[in-house]
Amino acid sequence: MCGICGLFDQQGRGRASLSAVRAMSDAIRHRGPDGDGFYAPAEQPDVALGMRRLSIIDVDGSSQPLYNEDRSIALVFNGEIYNYKELRRTLIAQGHALRTDGDGETLIHLYEQYALGMFDHLRGMYAFALWDSRQGRLLLAVDHIGMKPLYLCQHDGMLRFASEVKALLTDPTVPRALDRDVLDTFLSFGYMIGEETLFAGVRRLPPGHALIVEGGQARLHPFWEFGRDHVGVVGAREGESEESILGEVRDRLTDSVRLHLRSDVPLGLFLSAGVDSASILALMSREIGASASVGERVRTFTVGYAMPTRDNELDGAARIAAHFGAQHQARIITADDWWRGFERYVWHHDEPNANASAVSLLLLAEETAQQVKVVLTGLGGDEVFCGYPSHRLFAEILRARRGGGEGIPALANALAALEPYYPAMKRFRYVGALPTYLPRWRSRFLPRDEALRRTASFDGLVMSDTLRRRLYGAPLRAAWQAAQHKERTYAALIGRSLRYDVDDAAQALVINTWLTGNALLVADKVTMAHSLEARVPFFDPALLDYATRIPAALRLRANKYALREAMRPLLPTEALERPKKPFETPILGWFTHALRPRIAQRLLDPGARLRDLFERPALERLLRDHFSGRAPQVEVIFRLLTLETWMRQFMG
C-alpha cells in the first residue's frame, strides 16, 4: 500500500522534473511513511514517477520503483494483488525472472505476457503507473471497482497524476480553482458522481479503466464491466439449486478472506453490529484459528458515540466480538472529537464529501493504526448482496418505464409545488413523514432518467429546485442551469448501468454512483490518513462477479438474503437477525445544539468563501429556521459546511 504520483510531458519538451515529483511525494507522505522511490531517467526527461511506501508484503524487499529484467519497464504501484503467489508461480513457469517476493512485481510481468489482457488475471485493489520505455508508453490504471483512486490533471501539455489531489497542487502552475459548473452536483448528492471533481481541470480515472498515453495521444481502455466474467469466474446458472448457490457464495467469500489475510504485518477488522463485518470476522477467526499460533485472536475495532443514537453499534459489536473470542476495542466520540475530526477529514479527503460517518471512521482509523497496519472491513455487503432500498426503488422505476412511458408532467409539477413546505412538515406529527414519501410518488410521473436521479440524490427531501432557486447566487444559478452537469453525468451513468434485467441494472447503478463516488473513496482516504491499509473482501472479482449474477428471485427475496443464508451456519443469531440500519452519527442533535455556534460562525463569517456563491439572506434564513427547529435542514447545512471548510483549506 502506497501513494503514487508522476509527470508525463506529452509534448516531448523534457519538462518532467524530479524535484517536482519529490514535492508531490512529500505531500502524500502519510500514505507511505516507510520510504519513497523515484524514477526519472536522464535519457528520457519526459517522464518522472514517484511513490511513498507503506510496507505490508515483503517488508524488507519490493522497494519501488520496480523493474523488469532489462529495466526497460518501470512501475510505481499502490495497493495489493492478493493472488500474487499464484501469479508468481505461473509467470515463473512462463519464463519470467522475478527478483522480489512481493506482489507489485507481478504487474510488470503480466503486462509483458498479456499486454492489456493483464487485468483479467488480477484479484486485488490497485492504482499503478507503468512506463514502457521501448514503446514510449505510459499506462495508468485503477482496479475494477475503484478501491484505489488516481487523480489526473492535464495542463499545458503536461499530464500529472497522483493518489491524492493535494499532490497535484504542489505544482504552482496547476490552477486552484472551483469548477462552478459541477458544484450543483455536489450540493445535490453530497458527493461527486462521474469523473469530475470540484477542482477545475482535475478528474479521477474511472474504475475498471486504464489510460494509455503514447505518441502525444491518450486513450481510455475499459477492462471491467458489471456482469462480465473475470478471472475465469462463471456466475450462478439458471436452475441451480438454492443450496448450491448459497454454498458457492460461502466458498467464494471464504476464499476471498483467505487471500485478504496475506500480510507480513499485523492486521485487524473494523467491526459493526451487522451481518457484513460479522461474516468477515467469522471467516477470519476460522482461518487464523487454523493457521496461527495458539492463543492468537482477531483484533476488532468499533466506533460509537457518547450520546445515544437510534442505532449505536457499540453493544452489538462487542457481543459479536465476544462470540468469536476477538480482542475488541471501541472508540467513543464526542461532539468536540467529531468537529476536530471533521476538519482533518475535509483535508484528507481532498474532494468535498458530506459523509458524516466518514468522520467517525477517520477517528477510528487513528486509533486502529496504533495497533495494526492493515484492517479488513465489511464494506460492500450491501452493494454486492442488494442491501439498500435503492436496489428495489431503481428497479421499480426501470420496470415502470420499460414500455417507453415518459411520465405525466402535470402530476409531477403538482407534487413539486409542495417542495417549499417539506422542511416545515417534518416538525408535525401527522404529516412529518410526507417529505419522505412525496418525492417517491413524484418520481412515478417523471421521465426515467430524472426519476432515477432525483431518487438517488433524495431530491426534495434534502436539496430541491425550490431551495436551489432561493439559495444559489446568480452566477451559480446560471452555471447550474447552463451546464446541467448532474443531469448529463447521471444520464451517462444510467447508460453504463442498463442491463436487460432491471434488477441487474439497478445494482449496477448503485455501484457506478454511490459506491465509486463516495463509499470507496472514503474508505481509502480516512484509513490512509493514518497510514492504515483498508481491505474489502466483498469486492474480490471472483465473489463480486458470482454474487451479482445470482438470480434476482433469490438475490432479492429479502435484505441481503444470499449472504445471510450462506453465513447462517457460522454466525450468531444477533448478527443474522439484526434488521438493516444505516450507520448513524448524532449530527442532528450536534448541529442543533453542541456545534451550533461553530457552524453559524463559519457559514456566516463575513469572510466566508460562500459569500460569492449563495444569497446571504437565504443562507441566514436557512440557518435560523434550522436552529429554531422550524425547518430542520441538517443534510443541507452539512454540505454547505463541508464546502466552506474545503474552500478555506484548498482555495486559499
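The values are calculated or read from the model by the stated rules, or taken from the named source; none is laboratory data. The shown structure was predicted, so the numbers you read here are calculated from the model rather than taken from an experiment. Cβ: placed from backbone, ideal geometry, glycine included. Neighbour counts: every protein chain shown.
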### Task
Return a yes/no flag: does the range 26-43 have any residue that is in contact (Cβ under 8 Å) with a residue 60 or more places away in the chain, farther than 23 Å from L152 by Cα and either of a type in the set (F, W, Y) or touching a helix residue (DSSP H, G or I) at 6+ places or on another chain (Cβ under 7 Å) (or both).
no
### Task
Filter the range 152-195 down to residues that are among the small types (G, A, S) and surrounded by fewer than 19 Cβ atoms within 10 Å (Cβ to Cβ) and give me whichever is nearest to H348 (Cα to Cα).
A177
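Here is a yes/no grid of residues against (1) surrounded by fewer than 20 Cβ atoms within 10 Å (Cβ to Cβ); (2) modelled with pLDDT under 95; (3) outside the structural domain of G136 (by TED's automatic domain parsing):
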{"residue": "P45", "(1), (2), (3)": "yes, yes, no"}
{"residue": "R53", "(1), (2), (3)": "no, yes, no"}
{"residue": "G61", "(1), (2), (3)": "yes, yes, no"}
{"residue": "I73", "(1), (2), (3)": "no, no, no"}
{"residue": "Y82", "(1), (2), (3)": "no, no, no"}
{"residue": "D103", "(1), (2), (3)": "no, yes, no"}
{"residue": "I108", "(1), (2), (3)": "no, no, no"}
### Query
If you go through the range 551-569, how many residues are of a type outside the set (D, E, K, R) and buried (at least 23 other Cβ atoms within 10 Å of the Cβ)?
4
### Query
Counting only residues that are closer than 14 Å to M463 by Cα and either of a type outside the set (K, R) or part of a loop (DSSP other than H, G, I, E, B) (or both), how many does the range 627-641 have?
9
### Query
Residues in the range 304-315: is at least one modelled with pLDDT of 95 or more, of a type outside the set (S, T, N, Q), in contact with a Leu (Cβ under 6 Å, 6 or more places away or on another chain) and in a strand (DSSP E or B)?
no
#### Entry: Unmet criterion (only one of (1) surrounded by 19 or more Cβ atoms within 10 Å (Cβ to Cβ); (2) out of contact with any Asp or Glu (no Cβ under 6 Å at 6 or more places or on another chain); (3) within 24 Å of L183 (Cα to Cα)) for S464
(2)
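For every residue, the table says whether it meets (1) in contact with a Pro (Cβ under 6 Å, 6 or more places away or on another chain); (2) modelled with pLDDT of 75 or more.
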site: Y422; (1), (2): yes, no
site: P435; (1), (2): no, no
site: P447; (1), (2): no, yes
site: S457; (1), (2): no, yes
site: R468; (1), (2): no, yes
site: Y472; (1), (2): no, yes
site: A478; (1), (2): no, yes
site: E487; (1), (2): no, yes
site: R496; (1), (2): no, yes
### Given (1) out of contact with any Asp or Glu (no Cβ under 6 Å at 6 or more places or on another chain); (2) over 21 Å from A354 (Cβ atoms); (3) not in a helix (DSSP H, G or I), number of the condition G495 does not satisfy
(3)
#### Entry: When residues of the range 263-284 are limited to those that are at pLDDT below 95, of a type outside the set (A, V, I, L, M) and touching a Lys or Arg at 6+ places or on another chain (Cβ under 9 Å), the one nearest to Q371 (Cα to Cα)
P266
## Note on the structure
Those residues of the range 638-652 that are of a type in the set (A, V, I, L, M) and modelled with pLDDT under 95 come to a total of 1
#### Entry: Filter result for the condition that a residue is in a loop (DSSP other than H, G, I, E, B) and not aromatic (F, W, Y), over M192, M125
M192
### Message
What pairs come out if I take residues in the range 578-605 that are modelled with pLDDT under 85 and pair them with residues that are assigned to a loop (DSSP other than H, G, I, E, B) and among the charged types (D, E, K, R) whose C-beta lies under 8 Å away, six or more apart or interchain?
### Response
K580/K560; K581/R310; K581/D311; P582/D311; F583/D311; F583/E313; E584/R310; E584/D311
### Message
For the range 344-357: of the residues being at pLDDT below 95 and assigned to a helix (DSSP H, G or I), which is farthest from L183 (Cα to Cα)?
### Response
S357
## Note on the structure
Wholly inside the range 1-97, strands (runs of 3 or more DSSP E) that include 3 or more residues that are farther than 24 Å from L259 by Cα and out of contact with any Asp or Glu (no Cβ under 7 Å at 6 or more places or on another chain) are 2-9, 36-39, 47-53
### Task
Identify the single condition in (1) more than 24 Å from M567 (Cβ to Cβ); (2) among the basic types (K, R); (3) modelled with pLDDT of 95 or more that R258 does not satisfy, given that it satisfies every other one.
(1)
### Task
Give A365, A410, A395 a once-over and let me know the one that is closer than 30 Å to E565 by Cα, at pLDDT 65 or above, small (G, A, S) and part of a helix (DSSP H, G or I).
A395
### Message
Please go through the range 199-223 and give me each residue that is assigned to a loop (DSSP other than H, G, I, E, B) and out of contact with any Phe, Trp or Tyr (no Cβ under 6 Å at 6 or more places or on another chain), ordered by number.
### Response
A200, G201, L205, P206, P207, G215, G216
### Query
Name the residues in the range 1-14 that are surrounded by fewer than 17 Cβ atoms within 10 Å (Cβ to Cβ) and on the phi < 0 side of the Ramachandran plot, would you?
Q11, R13
### Task
Name every residue in the range 600-615 that is surrounded by fewer than 14 Cβ atoms within 10 Å (Cβ to Cβ) and touching a helix residue (DSSP H, G or I) at 6+ places or on another chain (Cβ under 8 Å), in order of residue number.
D612
